[in-house]
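Heads up, the thing below is written out as structure tokens.
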Amino acid sequence: PKYLVALCGLHRTGKDTLATALASTHGFFRVAFSDSLYEEVAESFGVRVSEFHSDLWKQNPQNLLSIQCSDSPKYRAMMQFLGHDLSKPRTSRFLLQTWAHEYRRALQSDYWITEAAHRMRGTEKDIVVSDLRYQKDEYPFLLRFAAATGRVLRVIQVIRPAMQTRESHPSEDGLEAGSIDHSIVNEEDRLFETIEKVEDLLNLA
């Protein structure tokens, strides 16, 4: 049977790296609920998607990422209504989170699911979703999609001990324990061992 693998866990635990490994080594189609998010925000601020993915921009405020630099009047107006300083330099992480949750999800709660579904329906390959976050909408969607396409859903939680104590955005609160099929610990500098753990769980080795 074809797989639908969904990776969950806090930021910087290695989900993207593991998804890339499954894609490059085993031919999985790699998708994220945030793919469209990155494309939209990068276009709105007139920068490249790769820059929004960079750790430099995610961790360090940039002048060209102040809210006033967005070409979306609706986004600027909503952020002003919520009390944000439009001229303050921002990190790409702040913009991605507020665009995704305070803006898009407020207007259409299933927006990101609809965008991801469109991408996923275009492939017959095994699929790996690198950013499963929400128990109430993303997870049920994946259950329905797996059933409709004859895929086996496996939810894998990725844990990196050094990251577990930091503050997180509400989007990273994670799933209920009963929704997680496997948990793996991704130790620093042991990437290949972690990839092997995932391969073993999926009988890919």
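Would you mind getting me the FRET efficiency between Thr25 and Ser183? Use the beta-carbon distance for r and R0 = 22 Å, nearest 0.05. Can you show the working numbers first?
Details: r = 22 Å, r/R0 = 0.98.
Using R0 = 22 Å, I get an efficiency of 0.55.
Return the carbon/sulfur percentage of the accessible area of the stretch 1-74, one whole number, probe 1.4 Å, all protein chains in place.
Numbers: 1680 of 3410 Å².
Whole-percent figure for carbon plus sulfur exposure: 49.
Helix-only estimate, please: 222 nm mean residue ellipticity of the chain, summing -39500 (n - 2.57) across DSSP H runs of length 4 or more and dividing by its residues, to the nearest 500.
My calculation for the chain gives -11000 deg cm²/dmol from helical runs alone.
Have a look at Phe28, Leu107, Ser54 and report the one farthest towards the positive end of the charge dipole of the chain, computed about the Cα centre with Cβ charges (Lys/Arg +1, Asp/Glu -1).
It is Leu107.
Using a Cα-Cα cut-off of under 15 Å, which aspartates and glutamates could be cross-linked to Lys2, ignoring same-chain neighbours fewer than 8 residues away?
Those aspartates and glutamates meeting the cut-off are Glu124, Asp126, Glu199.
Roll a 1.4 Å probe over the protein chains and send me the accessible area per residue for the chain in Å².
Spelled out: the 1.4 Å probe surface of the chain, per residue, equals 52 Å².
Here are several values of Cα extents along the principal axes in Å: [x] 55, 40, 29; [y] 51, 38, 30; [z] 41, 40, 40. Which one was derived from the coordinates shown?
[y]
Quote the charge dipole size of the stretch 1-160 about the Cα centre in Debye, to the nearest 20; the model charges only the Cβ of Lys and Arg (+1) and of Asp and Glu (-1).
Details: 22 positive and 17 negative charges, 80 e Å.
The calculated dipole for the stretch 1-160 is roughly 380 debye.
Any idea how far apart Asp200 and Asn63 come out in nm if each label point goes 7 Å out from Cα toward Cβ?
5.2 nm
With the cut-off at 27 Å, tell me which of the pairs Lys15/Lys88; Lys88/Lys136; Lys58/Lys197; Lys15/Lys125 have Cα atoms farther apart than that.
The answer is Lys15/Lys88; Lys88/Lys136; Lys58/Lys197.
Using a 7 Å offset from the Cα along the Cα-to-Cβ direction at both Lys88 and Asp55, what is the distance between the two label points in nm, to one decimal?
2.5 nm
How much of the DSSP bridge set in the chain is antiparallel, in percent, rounded to the nearest 5?
Beta bridges within the chain, antiparallel portion: roughly 5 percent.
Could you order peptides 61-74, 8-21 by the average number of other Cβ atoms within 10 Å of their residues, highest first?
Details: 61-74: 15.3, 8-21: 20.6.
Packing order, densest peptide first, comes out as 8-21, 61-74.
The values are calculated or read from the model by the stated rules, or taken from the named source; none is laboratory data. Owing to the predicted nature of the structure, the values given are computational and were not obtained by experimental measurement. Neighbour counts run over all protein chains shown; Cβ positions are idealised from the backbone, glycine included. Side chains included, ligands, DNA and RNA excluded: accessible areas come from the protein's heavy atoms. Shrake-Rupley method; radii C 1.70, N 1.55, O 1.52, S 1.80 Å.
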